[in-house]
Amino acid sequence: MLKISAINCYYGYIHALKDVSLEVPEGKIVTLLGANGAGKTSTLKAISGILPIKSGKIEFMGKDLTKLTVEKIVAEGIVQSPEGRQIFPELTVEENLKIGSYTRKDKKNIPETFERVYNYFPILKERKKQIAGTLSGGEQQMLAIGRALMAKPKLLLLDEPSLGLAPLIVKNIFGIIKQINEEGTTILLVEQNAVQALNIAHYGYILETGKIVHQGKAEDLKNDDKVKKAYLGGQ
Ligand code: ATP
């Protein structure tokens, strides 16, 4: 579905992505793992069209994304739930979700998606009139994912959904991410939390200083000694 072939990206003289290649097959969860500053967010920015690509190619359902604007890429069905949530803190939960649906052409189906999001995250339904800035960290993360789902993405890009959250909440959110995938949404999950990510993903890539250094089925990566030592706390 998504195919990235040997992309290179720069911030000025900083070579942030070095010949990065990866694939996300339709219907799967693929996780992109790596330490802080490895280039995970930059990869997502390259896919979304925010970070220019110096060389290489990104294709989505057979279409070349490299020449498209950010808006056109969203219209193709690629939607990101950004790191640090970036919800609108002064707006209500419901208003935030509505913003996620602005780009949709099938307006009459929007109420159905509201129901779908409220089904995944019942707490958002309970709090739909609440000002988003007053939600807990976990609820804000749920809102960010819910807002991305309101656009009815074909491919959902998740940037560190576990960041700053307590383990129980992470477990809950990852369970829902798995469910979202099982109900038909393809997901590229960027994470530092390798254990949780590999538990729900089908396939994983490991990025180090802008380069893919490892890849494999999630099961195999979990059992790989080198991966265990470097990313899974040696367990
Ligand atoms: P994080 O966990 O912080 O999100 P990451 O793996 O997503 O880390 P990136 O944010 O993609 O990493 O950063 C990759 C490299 O590019 C790092 O060396 C970072 O310092 C550099 N970088 C990122 N954004 C910029 C920017 N706007 N200007 C200059 N350098 C940047």
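Every read-out reported here was derived from the displayed coordinates using simple, explicitly stated rules and does not represent laboratory data. As the structure is a prediction and not an experimental result, all values here were calculated from the model. So basically every Cβ, Gly included, is an ideal-geometry build from the backbone, and we count neighbours across all protein chains shown.
Key figures for this structure:
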quantity	calculated
Sorted by Cβ density within 10 Å, fewest first, the residues Asp220, Asp64, Asp159	Asp64, Asp220, Asp159
Prolate/oblate/rounded label for region 1-66 (Cα gyration tensor, a/c 1.5)	oblate
For Ile73, net neighbour charge (Lys/Arg +1, Asp/Glu -1) across residues whose Cβ lies under 13 Å away	+1
Gaussian network model of the chain, springs between alpha carbon atoms under 10 Å - residue of Lys107, Lys217, Lys128 with greatest fluctuation	Lys107
CD proxy at 222 nm, helix term only [per DSSP H run n ≥ 4: -39500 (n - 2.57); per residue of the chain; nearest 500]	-10500 deg cm²/dmol
Gyration tensor verdict on the chain (Cα atoms; rounded if a/c is under 1.5, prolate if a/b is larger than b/c, oblate otherwise)	oblate
Distance (nanometres) between label positions extended 7 Å along Cα→Cβ at Gln179 and Asn223	3.0
Vicinal HN-Hα couplings computed from phi for region 170-177 (Karplus, 6.51 cos²θ - 1.76 cosθ + 1.60; Hz; Gly/Pro x)	4, 4, 4, 5, 5, x, 6, 4
When each of Lys3/Lys108; Lys3/Lys178; Lys63/Lys211; Lys40/Lys67 is checked by Cα-Cα distance, pairs over 26 Å	Lys3/Lys108
Neighbourhood net charge (10 Å Cβ-Cβ; Lys/Arg +1, Asp/Glu -1) for Ile187	+2
Extension gain from Ser136 to Lys63, taking 0.36 nm per residue of separation minus the Cα-Cα distance	22.4 nm
Sum of side-chain charges, Val170 neighbourhood, beta-carbon under 14 Å (Lys, Arg +1; Asp, Glu -1)	-1
Spin-label pair Lys105/Lys129, simplified geometry with 7 Å Cα→Cβ offset, distance in nm	3.7
The chain: most fluctuating residue of Leu33, Leu163, Leu149 per GNM, C-alpha cutoff 10 Å	Leu163
Cα gyration tensor shape of region 31-162, rounded if a/c is under 1.5, else prolate or oblate by comparing a/b with b/c	oblate
Within straight-line cross-link reach of Lys128, lysines at Cα separation under 18 Å, skipping those fewer than 8 residues along the same chain	Lys98
Candidate lysines - alpha carbon under 16 Å from Lys228, same-chain residues fewer than 8 apart omitted	Lys217
Low-density loop positions, GluC sites (Glu not before Pro), region 149-208 - DSSP coil, at most 14 other Cβ in 10 Å	Glu183
For the chain, built as a Gaussian network whose Cα springs stay under 10 Å, the top-fluctuating residue of Ala197, Ala35, Ala151	Ala35
